[in-house]
Each structure stands twice: as C-alpha cells, then as structure tokens.
Amino acid sequence: MIGSERATVADLAARDVFWKVRADARRADVDMGRRADVFPYFVPVGSALGREVIVDGRPRLMFGSNNYLGLADDDRVIESARDAVARYGSGCTGSRLMNGTLELHLELEAELAAWMRREAALVFTAGYLANLATLATLCGPDDVIVGDARNHASIEDGAKLSGARVVTVRHNDLDQLAAKLGRLDAPALVVWDSVFSMEGDAVDLDRLLEITRAAGARTLIDEAHSLGVLGPHGAGVAAACELPPDLVMGTFSKSLASCGGVIAGDRDVIEFLRVHARPFVFTASAVPAAVAATLAAIRIAIAEPWRATRARSTAVRLADGLRAAGYPVTGGEAAIVGVRVQDEWAATLAWRSLMDAGIYVNVGVYPAVPRGDAILRLSTTAQHTDADIDHCIDTFTKLVPR
Ligand SMILES: Cc1ncc(COP(=O)(O)O)c(C=O)c1O
C-alpha cells in the first residue's frame, strides 16, 4: 500500500510542477525544522533595526544584520525618507525608462559616482538586479565570465542569464585565477566579491587587478559588504586603487540602511546599461523613501568616519575573542565574522540556543555555502559597545560546542 502510494506521488511529480515540489525532500526538512522550532529563517522582527531588536516580544542583541554603520534607525535617515514620501509620494509606478525617474534618482547617481570615484553610476531597485543586469547585458555566448566559487548568487545567476561560458576559481585562489585566465581565448570578465558575505574574508584586490590586467580581462567587483565600511570615506576597497576595477557594484541594503543597488564605472558602459539592461528597464524604479534614505546614509557615512572604524574594530574584537576561545573563525576584515560549524543541524541548534539567550545570529547553509560547510554568521555594527561584544563572546562560549 505504502509502496503504491509512493509510486503515485512519484508519477504525479513527473508530470506536475506542484507535485514535484510536494515530493521534494527539501520541503520535509523545512517542515521538520519548523515543527521542532529550530527553523532559523523568516524570523519576524517586531521593531526597528538597531543594536537590539524585538523577537517574540523580547529584546535580542543583534549580530545578524548588515546594518554595519548602524544607520537603519537613525533619525536623520528616517526623516529624509519621510520628506521624500511627502514630496514625491509612496511609489513611482513605472520603470526608470518610462515614468519612473525622479530628480532624486539622478541626484543619488551623481553622489554615488563622486563618492566611488567613477565617471558614472546607475541605480537599480536591488543589488541583486545590479549584478544580474550587468552580467547579462555585457556578456554573451562568445564571452567568458570568470569568478570565485563563493561569489554571491546574483553573480552566479547573472552569468547563467548571459549565456557566457562560466569558469569557476577556487575560493580566493589567485594563482588558479592567473592560470585559468592564461588559457582563455575569448573576451573575459572577472567577477569577484571584495568581501565574502558569509565568511567575511576579503580578496587581495591589488593582486587580482594585476592578474586580470596582465591577461587583458575586464573586472567587476562586488562591494556589497565593503561599501560604507572599507576604503576612503567608506567608498569601498576599489576607491582606494590607483587603477580601479572596470566596474564596481554596491548595494544600499547593508551599510546604507535602505534597499537598492548601484553599478559604477566608465560613462559609456553605464549609459549602455541604462538603455539596454533588461533587469533595469523592465522593473519599477526604487521608491522615493528608499532613494532618499540611501542619500542621507551616504552623507552620514562620509561625515562620520567613526562609524566605519567602529564597525571594523568591533568585528576585530569579536573575531579575536571567538578565536581565542577555540572556534574556527573566518573574516573580521570588514564587519562580518564567521564561525565554521560544518554540520547543518549543529549550526541550527546553536542558533536556537543563542536566540533563546538573547543573541541574534545568522545560519548559513547550502546554497549560501557549499554542502557540509554550515557557518554561523555574525556581523557587528557601529552601534555595538565593547560590553555587547564581550557578552556575545561569553554567551557563545557557554552555548556553542567547539
Ligand atoms: C555579495 C552580495 N552581492 C549582492 C547582494 C545583493 O544585494 P541586495 O540585497 O541589495 O539585492 C548581496 C546581498 O545579500 C550580497 O551579499
């Protein structure tokens, strides 16, 4: 009976996309996690994002955000968003190409280009779309996209959409990058995260640029986790380079306390993307509140450099403390600290105990990291005090097995 029921489900799954989902083993994992109250995703937060957040009516110290500069609950950022809604309304109801470009979008693009030290910048509705659009528009089947094995999913997806040949390089292995570039016989775009979102480690950008230039390849560097935190006035690692990467991607959803993304580079390439990038042209423009909040956050990031310094020094304190306590720690170069747990269930159970003890962290499992390489991802912000960091280390060492 059971055998024949299974055969029926398998048969349905072969013919119907809904039944394929119903038969998918990953669904059972999620259901089991939810039933056991150890599902670490979609946790509803009942407050603004600050040093602490409210979960289930209780305050938790927040080590699981990307709010590196601590601006998501800043009065000046909130006031700017409010003013923009009052002046421009709640939404633009159209794409940038048609009716969705406000003066505010152009003001943000000009400020981003100046901050990031590039000729021009293009603002997208999400960082994900910025990567997707750039790769899919600039590259095609005659090109090669070369990237780190742990690059963000938006880079992977953009590469797939482009139809280009994809060459993957071992994580931060620049010798392998040089070797693989040396064997290519087609135009190449090298794409790399400057700081990796889960592990928090950084690439040696100067060396990467030396290698790519020697090979005659172009570069796109994803600064999602370095914009605001690293580089001159927080403008990202690329802004410090004498000869910068060809293109730089940034997002507003982390240090800049908002939502949206940017590609900055040479004007002619940026203007081509503005007209031809489908994930730019065929989606609605960023809402006024998001654009104004981003502008306010950039101005504060520049005027208050202590925020970037503090986000980095708290990360170093956290990484050093956890390392000294015997954990396999990664990152700490920007504001992300990873603790490798490897086993997914062990990572999830550690998350539950930490949350119960008032410490909010993130769990990275496949596909955010390779299979069997689960990680607890902690991030610091300019708002954390030394006492917060020490309390986190103390709680962590009591609850999480080495
Ligand atoms: C490295 C990296 N690139 C791109 C993105 C996409 O940015 P957004 O969240 O703004 O869509 C993220 C966000 O998680 C990221 O970590």
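Annotations
- Some residue of segment 239-247 being within 16 Å of the ligand (Cβ to nearest atom), at positive phi and touching a Gly at 6+ places or on another chain (Cβ under 7 Å): no
- Filter result (within 24 Å of P59 (Cβ to Cβ) and either surrounded by 10 or more Cβ atoms within 10 Å (Cβ to Cβ) or touching a helix residue (DSSP H, G or I) at 6+ places or on another chain (Cβ under 8 Å) (or both)) within segment 35-46: D37, V38, F39, P40, Y41, V43, V45, G46
- Note on segment 3-100: enclosed helices (runs of 4 or more DSSP H) holding 1 or more residues that are farther than 19 Å from L295 by Cα are 17-22, 25-35.
- The lone exception for V166 - which of (1) outside any helix (DSSP H, G or I); (2) in contact (Cβ under 8 Å) with a residue 60 or more places away in the chain it fails: (2)
- Only one entry of A136, A164 meets the criterion of being more than 14 Å from the ligand (Cβ to nearest atom), in contact with a helix residue (DSSP H, G or I) (Cβ under 7 Å, 6 or more places away or on another chain) and not assigned by TED's automatic domain parsing to the domain that holds R312, and that entry is A136.
- If only residues of segment 169-203 that are polar (S, T, N, Q) and in contact (Cβ under 8 Å) with a residue 40 or more places away in the chain are counted, the one that is nearest to P141 (Cα to Cα) is S194.
- Residue among H225, H171 that is over 16 Å from the mean Cα position of the chain (by Cα), in a loop (DSSP other than H, G, I, E, B) and within 16 Å of the ligand (Cβ to nearest atom): H171
- Every test in (1) touching a residue at least 24 places away in the same chain (Cβ under 8 Å); (2) under 23 Å from the mean Cα position of the chain (by Cα) is passed by L349 save one, and that test is (2).
- Residues of segment 201-222 satisfying the condition of being within 16 Å of the ligand (Cβ to nearest atom) and acidic (D, E): D201, D222
The values are calculated or read from the model by the stated rules, or taken from the named source; none is laboratory data. As the structure is a prediction and not an experimental result, all values here were calculated from the model. Here the Cβ is made from the backbone with ideal geometry for all residues, glycine too, and neighbour counts use every protein chain on show.
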